[in-house]
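The values are calculated or read from the model by the stated rules, or taken from the named source; none is laboratory data. The shown structure was predicted, so the numbers you read here are calculated from the model rather than taken from an experiment. Because the Cβ atoms are built from the backbone with ideal geometry, glycine has one as well, and the counts that use them run over all protein chains shown.
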Amino acid sequence: MALRADRLRLYLVTDSGLCAEQGVADTVAAALQGGVSFVQLRDKTASTRARVELATALKAVLADSGVPLVVNDDVEAAVAAGADGVHLGQQDMSPAEARARLGPDRIVGLSCESANQVRAADPATVDYLGIGAVFPTPTKADHNPAIGFDGLARLCALSPLPTVAIGGLKAEHAAEVLAAGADGLAVVSAICGQPDPEAAARAFFSTKGGRG
């Protein structure tokens, strides 16, 4: 599927631990009502089989919404579940290999933490870049030092691809992220594990920038 940059506006990365009480599928369903426009299934400890089962459940939640679903790292699970694509880190499978396995019509996202990584991203194989971490985040402890909004702006300016900011972001950061040139924000704990995921998602649109 072709990726519209505005689909990155509010990008939810799931966390099975944070969503344990409500469940990942129910959290995503509620967040979808609040305006989430992209979903990444991320569960580093699950088996491929478990990821396939959860991705299949999330596909049903997102059916007819137009909201893409990608699977973090696990290309096999993405293919088996019929997900819209994958999101890769710098230490995961190469985007070129993922593209070869997924075909031309699926989405390939790539995390970038530096100018060199952004410059190395190939628009022939990658559809969007995750830029950050903007702030330190406990959900991904192995990232490089946080880049802040100035670093985000520098890397977004270098990118020929749509960009989504990642790392410790909350609703009050939405305007600054968009002003830095990113197409949207990727969030985990700002929605996952919140008492009302729909309201938590909706809060991202109460600041300057709206649902644009």
Count of the stretch 102-121 residues which are within 18 Å of residue 70 (Cβ to Cβ), among the charged types (D, E, K, R) and surrounded by 14 or more Cβ atoms within 10 Å (Cβ to Cβ): 1
Residues (outside any loop (DSSP other than H, G, I, E, B), touching a helix residue (DSSP H, G or I) at 6+ places or on another chain (Cβ under 6 Å) and over 10 Å from residue 40 (Cα atoms)) located in the stretch 59-78: 61, 75, 76, 77
Matching entry among 167, 109, 132, 181 (being touching a residue at least 12 places away in the same chain (Cβ under 8 Å) and in contact with a Cys (Cβ under 7 Å, 6 or more places away or on another chain)): 181
Within the stretch 68-79, considering residues that are buried (at least 21 other Cβ atoms within 10 Å of the Cβ) and not charged (D, E, K, R), the one farthest from residue 6 (Cα to Cα): 77
Number of the condition not met by residue 43 [criteria: (1) surrounded by fewer than 20 Cβ atoms within 10 Å (Cβ to Cβ); (2) over 18 Å from residue 4 (Cα atoms); (3) not basic (Lys, Arg)]: (1)
Looking only at the stretch 6-24, and only at residues there that are loosely packed, with under 15 Cβ neighbours inside 10 Å and at pLDDT 95 or above, the one that is nearest to residue 184 (Cα to Cα): 6
Any hit, the stretch 141-151, residues being in contact with a strand residue (DSSP E or B) (Cβ under 7 Å, 6 or more places away or on another chain), surrounded by fewer than 24 Cβ atoms within 10 Å (Cβ to Cβ) and more than 15 Å from residue 182 (Cα to Cα): no
Residues of the stretch 19-58 classified as closer than 19 Å to residue 196 by Cα, over 16 Å from the mean Cα position of the chain (by Cα) and in a loop (DSSP other than H, G, I, E, B), total: 5
